[in-house]
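Everything on this sheet refers to the single structure shown next.
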């Protein structure tokens, strides 16, 4: 039989992964795999497990939130293995899963992996630390790691929105500079920014899928400047909802890399996990970073 490494974060989301554990392993067995399963015990454990075993298995499947997938891909990068990865989304928001159209029904997601195909995707590098789909700062992003897990479990996606509304009252701004490889420099006071390879960002924003190619050697840069008044803020929010990006508050473009100068104490989030501030950091697209098993598209 082929070998499958199954890594689950048992505390992700509403812990529904544990409820379906036996059924998912049965689906993998029926698909011809001998399964070795692990439950993660804390941050970094998934990365460690994947790094130790990636070269000795035919398929890796991780079950949890986007942070679990982040660690699985980071573990692959550490070893240089080309083992395909399957992702069963069981987190609170599942941003990246939404971009790929992955099933939130866990047994169905397992079946899709057994019947799917491995496609190549780009990833990102944040000063050498890998991320699967987004590095972000400012409004709405802090709540990814600041919202208590108990609240996430109880309210799911709504918890992020509630936390974001709490932050909206303060509208904290950051003076930053973004230098692009074509010589363009963007410098201003910003309330939000994201460098992403995804159509779903920060749990609350959806980018136009026609303008996001997850395998083009580029990342999408979205920046929102400080509004001068509430009318301008409302116009910016409406532009985001319409995916028009033509608001004077917004910058939206694709780039292979960007060097960011920011306050040293400004935190970031990478795939929903906190990253400490950097006075200067280069964010780059990592082309052909990993192979992810997705559901086959019927012709």
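Only residues that are more than 22 Å from residue 70 (Cα to Cα), assigned by TED's automatic domain parsing to the domain that holds residue 223 and touching a residue at least 24 places away in the same chain (Cβ under 8 Å) were counted across the range 261-299, and they come to 3. If the condition is being surrounded by fewer than 18 Cβ atoms within 10 Å (Cβ to Cβ) and outside any loop (DSSP other than H, G, I, E, B), then the range 235-244 contributes 235, 237, 238, 241, 242. Scanning the range 241-273 for residues that are modelled with pLDDT of 90 or more, touching a strand residue (DSSP E or B) at 6+ places or on another chain (Cβ under 7 Å) and over 25 Å from residue 121 (Cα atoms) returns 261, 262, 263, 266, 267. Determine whether residue 203 is touching a helix residue (DSSP H, G or I) at 6+ places or on another chain (Cβ under 8 Å), in a loop (DSSP other than H, G, I, E, B) and at pLDDT below 75. Yes. Restricting attention to the range 245-282, the residues that are closer than 24 Å to residue 200 by Cβ and not in a loop (DSSP other than H, G, I, E, B) total 16.
When the range 1-51 is filtered for residues that are over 24 Å from the mean Cα position of the chain (by Cα) and closer than 20 Å to residue 74 by Cα, only 36 remains. Got at least one residue in the range 224-232 being under 18 Å from residue 137 (Cα atoms), under 20 Å from the mean Cα position of the chain (by Cα) and at pLDDT 85 or above? Scanning the range 224-232 turns up at least one residue that is under 18 Å from residue 137 (Cα atoms), under 20 Å from the mean Cα position of the chain (by Cα) and at pLDDT 85 or above.
One residue alone among 103, 92 is assigned to a loop (DSSP other than H, G, I, E, B), more than 22 Å from residue 215 (Cβ to Cβ), in the same structural domain as residue 6 (by TED's automatic domain parsing) and in contact with a helix residue (DSSP H, G or I) (Cβ under 7 Å, 6 or more places away or on another chain), and that residue is 92.
Test residue 19 against the criterion of being assigned by TED's automatic domain parsing to the domain that holds residue 110, out of contact with any strand residue (DSSP E or B) (no Cβ under 7 Å at 6 or more places or on another chain) and over 22 Å from residue 112 (Cβ atoms), and give yes or no. No, not satisfied.
When residue 191 is tested against (1) within 19 Å of the chain's Cα centre (by Cα); (2) in a strand (DSSP E or B); (3) surrounded by 18 or more Cβ atoms within 10 Å (Cβ to Cβ), only condition (1) is not met. When 86, 138 are checked against the criterion of being under 16 Å from residue 8 (Cβ atoms) and in contact (Cβ under 8 Å) with a residue 12 or more places away in the chain, a single residue qualifies: 86. Considering the range 16-62, the qualifying helices (runs of 4 or more DSSP H), each wholly inside and each with 2 or more residues that are surrounded by 17 or more Cβ atoms within 10 Å (Cβ to Cβ), touching a residue at least 24 places away in the same chain (Cβ under 8 Å) and at negative phi, run over 21-30, 45-53. Being in contact with a helix residue (DSSP H, G or I) (Cβ under 6 Å, 6 or more places away or on another chain) and at pLDDT 90 or above is the filter; apply it to the range 274-293 and report the residue that is surrounded by the most Cβ atoms within 10 Å (Cβ to Cβ). Applying the filter and picking the extreme gives 290.
The values are calculated or read from the model by the stated rules, or taken from the named source; none is laboratory data. Remember, predicted model here, so these are calculated numbers, not experimental data. So basically every Cβ, Gly included, is an ideal-geometry build from the backbone, and we count neighbours across all protein chains shown.
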